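Let me begin by presenting the structure, written as structure tokens, before commenting on it.
The values are calculated or read from the model by the stated rules, or taken from the named source; none is laboratory data. Quantities reported herein were computed from a predicted structural model and do not represent experimental measurements. No Cβ is skipped: glycine too gets one built from the backbone with ideal geometry, and neighbour counts run over all protein chains shown. Side chains are part of the model used for accessible areas, which takes the heavy atoms of the whole protein and leaves out ligands, DNA and RNA. Shrake-Rupley method; radii C 1.70, N 1.55, O 1.52, S 1.80 Å.
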Amino acid sequence: MPINLRSKKKLLSRVTGVGIHRLRLDPDRLDDVADAITRNNARGLVTAGIVTIKPKKGTSRGRAQHKRMQRSKRGTKPGSKQGRKGARTARKATYVAKVRSLRRHLKIAKDRQEITNPEFWSLYKKVGGNTVRNKAHLRLLVQEIISKRRD
């Protein structure tokens with residue numbers, strides 16, 4: 001006749017902090033589980049390996065991630081694009097990204113002591129005024145400043 005261990009499972013659940021369905025009792029040692037009365041006895045069963053805790057089951061996000069990847073790829077080829085370039089990415093957003101990148105490179109150049117503080121600020125203003133086209137152009141301007149200083 002099987003032993004009713006519902007109350008023992010409740011006790012174990014409270015002690016371990018997991019749900020009753022995540023507890024697995026060793027079928028060969030059910031008598032030891034039935035003898036456990038106190039919370040201390042229950043902890044002993046867990047440490048002895050008579051009671052094991054099953055790992056959590058979660059919802060797999062693999063398919064959802066795959067779908068999101070497919071969706072993000074769609075409509076990126078030239079034939080699918082509608083509207084001019086500025087309609088897809090705002091002119092201001094591209095400007096802000098460019099300026100931030102250039103300012104970061106300027107700061108690095110100043111930290112490396114490739115340029116002095118006044119030179120940094122002259123270039124900083126050029127970056128803000130959209131005179132500097134890109135990183136390569138900025139590198140060229142920095143090189144010019146360095147070569148002028150040497151002469």
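Taking the stated definitions as given, is residue 92 under 30 Å from residue 139 (Cβ atoms) and either modelled with pLDDT under 95 or part of a helix (DSSP H, G or I) (or both)? Here the answer is yes, as residue 92 does meet what is asked.
Cβ separations smaller than 8 Å between residues 6+ apart or across chains give the following pairs from the range 95-115 residues that are closer than 14 Å to residue 133 by Cβ and in contact (Cβ under 8 Å) with a residue 24 or more places away in the chain to residues that are part of a helix (DSSP H, G or I) and open to solvent by less than 70 Å² (accessible area, probe 1.4 Å): 99/127; 99/128; 102/127; 102/138; 105/138.
Within the range 3-21, no residue that is over 19 Å from residue 47 (Cβ atoms) and among the acidic types (Asp, Glu) sits with its Cβ atom under 6 Å from a residue that is open to solvent by less than 80 Å² (accessible area, probe 1.4 Å) and in a helix (DSSP H, G or I) at 6+ positions apart or across chains.
When residue 113 is tested against (1) at positive phi; (2) assigned to a helix (DSSP H, G or I); (3) of a type outside the set (A, V, I, L, M), only condition (2) is not met.
Residues are listed down the side, and each one gets a yes or a no for (1) surrounded by 10 or more Cβ atoms within 10 Å (Cβ to Cβ); (2) at pLDDT 95 or above; (3) in a helix (DSSP H, G or I); (4) not aliphatic (A, V, I, L, M):
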| site | (1), (2), (3), (4) |
| --- | --- |
| 58 | no, no, no, yes |
| 63 | no, yes, yes, yes |
| 101 | yes, yes, yes, yes |
| 109 | yes, yes, yes, no |
| 118 | no, yes, yes, yes |
| 127 | yes, yes, yes, no |
| 139 | yes, yes, yes, yes |
